[in-house]
Structure formats: C-alpha cells, structure tokens
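The values are calculated or read from the model by the stated rules, or taken from the named source; none is laboratory data. Given the structure is predicted, the values throughout are model-derived calculations rather than measurements. Methodologically, a virtual Cβ is constructed for each residue, glycine included, from the backbone with ideal geometry; neighbour enumeration extends over all protein chains shown. Only protein heavy atoms, including side chains, enter the accessible area calculation; ligands, DNA and RNA are left aside. Shrake-Rupley method; radii C 1.70, N 1.55, O 1.52, S 1.80 Å.
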Amino acid sequence: MLNLSSRTAAAWRSVQRLAAGMATVSDAKIGATKVPMSLLEPNAYINYQRIEDNLAIVRERLRRPLTLSEKVLYGHLDDAVNQDIVRGTSYLKLRPDRVACQDATAQMAILQFMSAGMDTAAVPTTVHCDHLIEAQIGGAKDLARAISINKEVYDFLATATAKYGLGFWKPGSGIIHQIILENYAFPGGLMIGTDSHTPNAGGLGMIACGVGGADAVDVMAGIPWELKCPKVIGVNLTGKIGGWTTPKDVILKVAGILTVKGGTGAIVEYKGPGVESLSCTGMATICNMGAEIGATTSMFPYNSRMSDYLKATKRGDIAAYAQQFSHNLRPDENAEYDQVIDINLSELEPHINGPFTPDLATPLSKFKDEVIKNNWPAELKVALIGSCTNSSYEDMSRAASIAREAKAHGLNTKSKFTVTPGSEQVRATIERDGQMSALEDVGGLVLANACGPCIGQWDRQDVKKGTVNSIITSYNRNFTGRNDANPATHAFVASPDIVTAMAFAGDLTFNPITDELIGADGKPFKFSDPSGHDLPARGYDPGENTFQAPPADRASVQVAVSPTSDRLQLLKPFAPWDGKTPEDLPILIKAVGKCTTDHISAGGPWLKYRGHLENISQNCLIGAINAENGEANKVKNQITGEYGGVPQTAAYYRDHGIKWVVVGDHNYGEGSSREHAALEPRFLGGLAIITRSFARIHETNLKKQGMLALTFVDPADYDKIQPTDKVSILGLESFAPGKNLTLAVKHADGSKEEIALAHTFNEGQIEWFKAGSALNLMASKAKQ
C-alpha cells in the first residue's frame, strides 16, 4: 500500500469533506435510477451503486485520495472488504460488466465455454466479425468473398451466440472496438475483450482490458476476473490541440517516452485541462494504441466531449446518468501516481513512429533527416488510413479536407491509397456526407468495414515478398511483416492527416506543414491545416442493420460444428501435471530479440484456423529467430540431430513423450492478446516458457493453459543458456507464490550450472498448473 505522507493524509481529509458535502445534497441512492448499458440490451443495467458501495469500503480502508482508474477498478471488486489492495503486488478479483470477442479469438473462447458446461453467459457478451475479411479489391467484393470462404465459421459463431445468449455482429458490421464505442461503452464500466486493442473504450471513460479467451470464459461463466493490481501512470495534458497535430500524436509521443514495455503492469490515466480539446473518438484513439506500450489499459475522465458523443449515438440517458455520478468518474484531488508525464498539446508536433516497432517516435520536423540517415526507402508505396485506431467520422472528415484541397489543385495520390471505415455506421455516414467520394475521387480504395491490412489481412500485389519498400498507416502496430507478411516492408505509423498528405507526395521526406507540392497547373501550393467535424451535424446514418440478438427460444438451437472440419475442432482437456520433477528437457528454441505473438502464432492466412487447435499449431513459433543460427523456423531436433521446422520438432518431442521448454528474450509475447500463442505450445507438448521478461497478457494466457511462465531472476542468465542444453526445473514439489524455482542446466560439453527462476503465480494459478489448465479446474469444480 502507498505510504501516507502528511500531504496525502491532508488530501484524504479533503476527500472526506467533499464526500460528506455530496451526501448532504441528496440522500437518494444512485442505483435507484435504472439505465440500460446499451440500447441493444434493455434489461442489463449500469451498476453505479456497486461502485459507490465498494468505494465507501475501499476509501475507509486505504484512507487516501484515489485516481480515476482506482475508483473504477476497485468499484468492481468482488469482495471489497477482504480484498488485498497493493499496487503492483495484489491480485484483484473483479466483476466486469461485459465481455467482447472478435471472430478470430471468439472461436476458441466459445469452444472453451462449451467445454465448461454452462448454458448461458453470466454477463452481457458480444461477438464481432471483423478479423476474417481479407482486403483485396474493394469493400463489397471483399466482404462477399469472405462470407463465402468463412461460411462455416460464421455459421458456428451465429449458432453458438444464439445458443448461449450472446449478441452477434455479422460480417460487414465493422471493427469490434468501433462497434463497442458506438453501442456498449459507458463511463465507469469495466469490460474485458479478446483483443489487445480493447482499451479503445477508455475514450468513453471505461476500463477496458485486452485478455485471452480463457479469461473471457471465466467471466462468461460467472467467475471473477483476476488482475494484478495495476500501478498508475498519469499523463497530464495542458494547452490545446490544433493545426496538424491530432490525438494520434499524443500516443505516438507517449509511446516514444514509455517504449513498448514501459506501460506494463500499469493503467495510463490522461488528465488535465488539455483533455477538453480532444474529441471522444480522439480520446479513444489514444487509449487504443496504449496497447503498444504494454499498458493494462488507458482511460480519460468523464467530460463534455464524452457527453456529446453519447448523445450523438442516441445514449443521452447514459450521459445524464454519468453526469450524476461524475464525482466518481474523475480522479480525486491530490491522488498519487506512480509516474507522471507532462505534455503540452499546444507545443506537441505531429509524430511518425517506426519502422518495425511502434515506439520509435520521430517528430515530423526531424523525420526527413532520419529517413536519409537510416537509409529508409523514401518512396512511399502505399498509404493506408482507417483501422480501429483511426476510423472515426472526425478522422475521415479531416482526411477528406486534405483530399479536396489536393483535388482542387488537380492532384491524385501518387502512392496507392486505401481507406478502411471503422463501422457500417461510419461508412454510411461518410458516404451520405461526401467524405467517401472525396477520398475516392483522388484515387482512394475503400475497403470493407473490417480490420484488413492492419492485422495482415491484405492480399498485397504491388510488391513481391522480400522487396524493400515503405508504407505508412494510421494503424497501431507495425512489427516486421505485420501488415503484408513481407519482412522487408518498412511500416510507419502516423495520424490519418499525415498519411493522407504523404499519399499525394509519394515520398516519406515530405513535410506537409513546410513543404510545397506542384499542382496540375504547374504552380506550387502548400496544404492548409486539416479541418473536420468530430460529430456529424445531421447525426449518424446507421446504415445496414447487421446485429443478431439472441432468440427467445434458445433450447432448440443447434451449434454447427462438423467433425470433418479443418477450421473448427472441439477441444480435449490437457493432461494435468504428473507430480514429477521435469528432468533433462530439450530446448525447442532459444528465441533471440523481439518475439511477439505474431512471431509465436502468425496471423494473416493462419486466421482461418483459429477454431482448430491442431491445424493452427502448425504455425507455432515459425516467426521466432533461433539464437543458434539466426534463422526462423529452423531448429535442431536434439534426439535425431536433424534440423526441421519448430512445430514439427515440437510435435516429434510430444509424440515421443518428451516435454520441452522455450527460452525467450525481453517482453516475450508482446502485441496481440491472441491466446493461440499459449495454446499452441501447450498442445505441442511444451512445459515451460523461460524468458528475461513477459508481456502481461501473454504471461496470463500461458498460466491459463497450464504452462509454466518463468523469468530469469538475473536477466543476464539468458546468455548462459545454449540451444543444445538439457534443463531440469527443480522445486515444483513445493511450488508456492513468491518462491523461486531452479533451472538445472546441463551443457553439451558436460558442464553444469544452476540458475534461479522467478515467477508471478499465485495460489489459484498454481492450481491451474496442477490441474492441467484453468479450464480443467473450472470443469472439475462444475462437476462437483
């Protein structure tokens, strides 16, 4: 617990006086008002009373001012009286308000839920079809093709959601995070989602965390969600945003400060007078990309811009209710943060981040010099705007203003230019209001309302794989090969404004603030500052209705899973721990450098196997770089002496009764929340992943699947491990929280040494390991 300084104690007395003053205004309980969480779920109500009651208990226990995220998080505690609350140490048991799943991860989540023996989800849950639509030739045709190719999966999801009482958003409805913001997010709520960019909902003052499917299954089954009590990073915004600077530049700047792992184990809270100059969807952009700094989530305090957005999306009753509860939707005065970052929005300039990592942040004024110095390909092949991060009405309006100005000078884009609307509602509205035609008129190709190239769903034809080239996107993630499966593509991330402007120059060294272009008349011109509205003056056009509500009669619904399918496969329980000390295990691979979930379980063409564990396991760790030879997907079988693919070698060990381990570098498993990156090693017979450090979600996912997620006490010990070593893991017979294990290493030359291993398992997670998985433990308790 934070120490109570005299300043903090004084601040606590101030909070007490404030609370007492509020109590005299009205004795009516906040819960006396019933407001639905969503227009689509009229019988599921916002539970502000639980937050109020829990905070009364927590305040008396902690006796200090609370940050915003603490209020919302502790307000959702399962047991506020007995819960240990120490930032960075305690494991909180929480009761989320809802669950959201995208179609690629929903398959495995629902298959696991089916194995748990439940017949109805305990909390409101939705499934969104956005990940399986490949960008190829254009929105309508790409959507039709995806519906045909993925019919089996969509039928499974449609019938399973109907069977278990879940909401289903059909293909073409839009990207999960935009749909959530438009329909389900609300101030003060707690949501988990099976996608790493779930924090997007923080733009509406919600704590929204990306998790693996097993966590989603827990909550759907009525089991509290467990989260290590986050530290809190405060970002104080002053000044006012304007000109070419956008909300995207705030998070690009923060990513450069904190790096891809600087936010690990923390919630990032934005605050300060500068917040009011950001639109609600702009705040969502900032929270969305907070996933790239490893943050548990990010959020903003409730304000007038959120109220405006709620009213624009026909949720004025939620806006009024949130205003009534606003004292708990902002931080207490003098609340203490573990770290504070100050950003003056009036002085912030546009940034461009990349290539190959989202935290290499360069101010626009210095970007040309960096391109030249690093010999990055200056020719811009493709500019892409949209994605879940930047596809709002405001984003499209500002991009369209740039396009119209260029068109007025007779220009079309020099680079290929794609546009991804975030939702059917945004698509229909920008079609009605003219932004879509403005972007198409200069050469823009409008893609389906889906993730598309942002997640590697891009049938790119303009360059061959291996060709060095540059692209720039308004997306959130730019790891090697992420967008187009070409490791030679230099992907840069910027605001839609910068991306659109650069499309007309076709050159990364172009600075739209200072540089001129030559119009069709031969005369030079410079772009004006972009302009646009954050909300449509005529309201949103909902477009086509793509929502399927659960039927009244669910008993007769049959879930569609063919036993001969190569895309869907019912799950079999993993074997429990045999109680023996694991000895002389081979190292499947010693991964060197960045090893994201894209390296561990690739996306793109592999997405179609997300519901078939055996088939998707054939991509396990094929992108990881082997420290032995510097190559991907080439490891030595320590039994046969032959080299082969990683999944094939792993399967050989498994089929011969040999458990194995993986050794990883820093921040192992960063990136997507995909739990397949944990399921696949488990399916292939892995016992432990031993690293310098883990990304939060992946570490939890490994534990859920009954694997040992271990770290070197001394990160330098990573260098002592050789790919040819045999290792034993000592101390499992007395496996306990806070107690180190020992790695006994036998080198190929006959020498031996012992290395200390740390872990973050608590008592409940140790039971997962012993049972073989969290799902095994859940199923056994359900039978009892």
Near pairs, Cβ below 7 angstrom, 6+ apart or cross-chain, from the range 505-530 (surrounded by fewer than 16 Cβ atoms within 10 Å (Cβ to Cβ) and of a type in the set (V, I, T)) to any residue that is outside any loop (DSSP other than H, G, I, E, B) and at pLDDT 95 or above: I518/P524
Restricting the search to the range 764-784, which residues are open to solvent by 20 Å² or more (accessible area, probe 1.4 Å), modelled with pLDDT of 95 or more and not hydrophobic (A, V, I, L, M, F, W, C)? E767, K770
Every residue in the range 709-744 that is out of contact with any Ser or Thr (no Cβ under 8 Å at 6 or more places or on another chain), among the hydrophobic types (A, V, I, L, M, F, W, C) and assigned to a strand (DSSP E or B), please. V727, L741
Restricting attention to the range 304-323, which residues are of a type outside the set (D, E) and either open to solvent by 40 Å² or more (accessible area, probe 1.4 Å) or free of Cβ contacts under 8 Å to residues at least 40 places away in the same chain (or both)? S304, R305, S307, K311, K314, G316, A319, A320, Q323
For D215, only one of the following conditions fails: (1) part of a strand (DSSP E or B); (2) crowded, with 24+ Cβ neighbours inside 10 Å. What is its number? (1)
Checking K590 against (1) open to solvent by 20 Å² or more (accessible area, probe 1.4 Å); (2) within 27 Å of the chain's Cα centre (by Cα); (3) modelled with pLDDT of 95 or more, the condition it does not meet: (1)
In the range 712-750, what residues are among the aliphatic types (A, V, I, L, M), more than 24 Å from V635 (Cα to Cα) and open to solvent by less than 70 Å² (accessible area, probe 1.4 Å)? L730, L732, A736, L741
Within the range 552-559, is even one residue at pLDDT below 95 and within 31 Å of the chain's Cα centre (by Cα)? yes
Looking at this structure, is I46 under 30 Å from F547 (Cα atoms), modelled with pLDDT of 95 or more and of a type in the set (A, V, I, L, M)? yes
Of (1) among the acidic types (D, E); (2) in contact with a strand residue (DSSP E or B) (Cβ under 6 Å, 6 or more places away or on another chain); (3) open to solvent by 50 Å² or more (accessible area, probe 1.4 Å); (4) not in a strand (DSSP E or B), E753 satisfies every one except (4)
Residue check: is A146 touching a helix residue (DSSP H, G or I) at 6+ places or on another chain (Cβ under 7 Å), part of a helix (DSSP H, G or I) and either open to solvent by less than 40 Å² (accessible area, probe 1.4 Å) or modelled with pLDDT under 95 (or both)? no
Of the residues in the range 467-483, those that are modelled with pLDDT under 95 and either of a type in the set (A, V, I, L, M, F, W, C) or surrounded by fewer than 24 Cβ atoms within 10 Å (Cβ to Cβ) (or both) number 3
Identify the residue in the range 573-587 that is closer than 22 Å to G664 by Cβ and among the aliphatic types (A, V, I, L, M) and, among all such residues, is surrounded by the fewest Cβ atoms within 10 Å (Cβ to Cβ). L585
Cβ pairs under 8 Å, 6+ apart or interchain, first in the range 166-194 and free of Cβ contacts under 8 Å to residues at least 24 places away in the same chain, second aliphatic (A, V, I, L, M), ordered by first then second residue, are A185/M191; A185/A201; A185/L204; A185/M206; A185/A208
Among residues of the range 66-94, those that are of a type outside the set (G, A, S), surrounded by 21 or more Cβ atoms within 10 Å (Cβ to Cβ) and assigned to a loop (DSSP other than H, G, I, E, B), counted: 3
Helices (runs of 4 or more DSSP H) fully within the range 598-708 counting 3 or more residues that are modelled with pLDDT of 95 or more and open to solvent by less than 20 Å² (accessible area, probe 1.4 Å): 646-655, 676-683
Can you tell which of T24, T120 is assigned to a loop (DSSP other than H, G, I, E, B), at pLDDT below 95 and β-branched (V, I, T)? T120
Filter pass, T357 being crowded, with 24+ Cβ neighbours inside 10 Å, among the hydroxyl-bearing types (S, T, Y) and over 17 Å from H533 (Cα atoms): no
Which residue, of S326, S365, is of a type in the set (S, T, Y), open to solvent by less than 50 Å² (accessible area, probe 1.4 Å) and over 26 Å from the mean Cα position of the chain (by Cα)? S326
